[in-house]
Amino acid sequence: MGKHNLGWLLALPALLALGCRLSGNEGPVPESLATSRQLTQRGVAALEQGHPAQAKQALAEAVRTSPIDPDARRHYAEALWQSGNQGQAIVQMNEAVRLTPDDALVRVRLAEMQLVAGDVDAARRNAAEAIDRNPKLPAAWAARARVMRALGQPRRALADCHRALALAPDDRDLLMMTAELYRHLNQPQRALGTLHTLADTYLPGEEPHDVLVLQGFAYVALGRYDDAVRAYQAALVHHPASAEVLAHLAEAELKAGRPAGAAATARQALALEPAHPESLALLRQVETAAAEGDLYRR
């Protein structure tokens, strides 16, 4: 299940509790709406249990029972999205936005869907609308940051990331995106600082593979090759070895003055992927330099 979908599911109990009554003195909930909410609960439970077909069926019935229920619409959109029906999911989420025009979070989710589906202009409009409606919502700034990155505007994306991080400083997705943007802008020191902040949100030894690999990239860019070696080695501890990461490790070992280790690591990469071009090139470089007596060993 995607991380964005998980957020919606975690928020569901509070949303349904709120939706099970009408505000003020408007009287009892109409039978159709009550039935729709029961069907919505059933559909979301099916999604949580990994039964998308059952979820779609229940949520489609919820929408038919009460077409004006925005919760039914957006959860039906999520079920369609998980089933790969992006177009219909966006149709349903658009309808949810129409029914709750001031709900910034619903607009954020619509923007995320539109971005994945390739409608960047629509995603940009909805992300901006979400910010206008709730400028204190970090997800809104994050959504526009992703749009700006997709539009090839990394500096604007970075500015939006900073606005989001001011509201949610420990958000791991935001910290990762910020580090990636700094790397793209050739600011390895800032990237590394952000990655250290991100790593601090995990217990020691539980830092994710991608975080450690990006740390390795930053260390290499800063000329800190021994630190890069340690970062790549740590990334390989709890993750299946890949030729790509092993090639990065071999390159760092070579730059750190460890040609023998670099050659051994490159051969390990080639054992996994015999035609891996970076590993082949690095191994030839080590062997040629060794034959010419240009490398020392330590």
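FYI, it's all coordinate maths here, none of it is from the lab. This structure is a prediction, so every number in the text was calculated from the model and none was measured. Neighbour counts are summed over all protein chains in view; Cβ atoms, including those assigned to glycine, are modelled from backbone coordinates with ideal geometry.
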* Rg/Rh for segment 165-251: what does it come to with C-alpha atoms and Rh from Kirkwood? -> 0.96
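Take the Cβ-Cβ distance between ALA168 and ASP132 as r, set R0 to 22 Å, and report the resulting FRET efficiency rounded to the nearest 0.05. Write down the numbers at each step before the final one.
Numbers: r = 19 Å, r/R0 = 0.86.
Between ALA168 and ASP132 the formula returns 0.70.
Need the full-extension length gain, ALA221 to GLN57, defined as separation in residues times 0.36 nm minus the C-alpha distance. One decimal, nm.
Details: separation 164, 0.36 × 164 = 59.04 nm, distance 5.20 nm.
That works out to 53.8 nm of additional length.
Compute the orientation-averaged projected area for segment 37-138 from the convex hull of its Cα atoms and round it to one decimal in nm². Kindly include the intermediate steps, with their values, before the conclusion.
Numbers: hull surface 24.4 nm².
The directionally averaged projection comes out at 6.1 nm².
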* Structure fact -> Over the chain, the sum of -39500 (n - 2.57) across DSSP H runs of at least four, divided by residue number and rounded to 500 deg cm²/dmol, gives at 222 nm -24000 deg cm²/dmol
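Test of understanding: ordering LYS255, LYS56 by Cβ neighbours within 10 Å, fewest first, what list do you get?
Details: LYS255 16, LYS56 21.
Going from sparsest to densest Cβ surroundings: LYS255, LYS56.
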* Calculate, axis by axis, the spread of Cα positions in the chain along the three principal axes, and write the results as whole Å, longest axis first. => 88, 37, 35
* Given a Förster distance of 22 angstrom, what is the FRET efficiency for ARG98 paired with GLN49, based on the Cβ-Cβ distance and rounded to 0.05? -> 0.15
* **Around GLU207: net Lys/Arg minus Asp/Glu count, Cβ-Cβ under 13 Å** => -1
* To do: Using only the Cα atoms, work out Rg/Rh for segment 121-271, with Rh taken as the Kirkwood radius, to two decimals.
  => 1.07
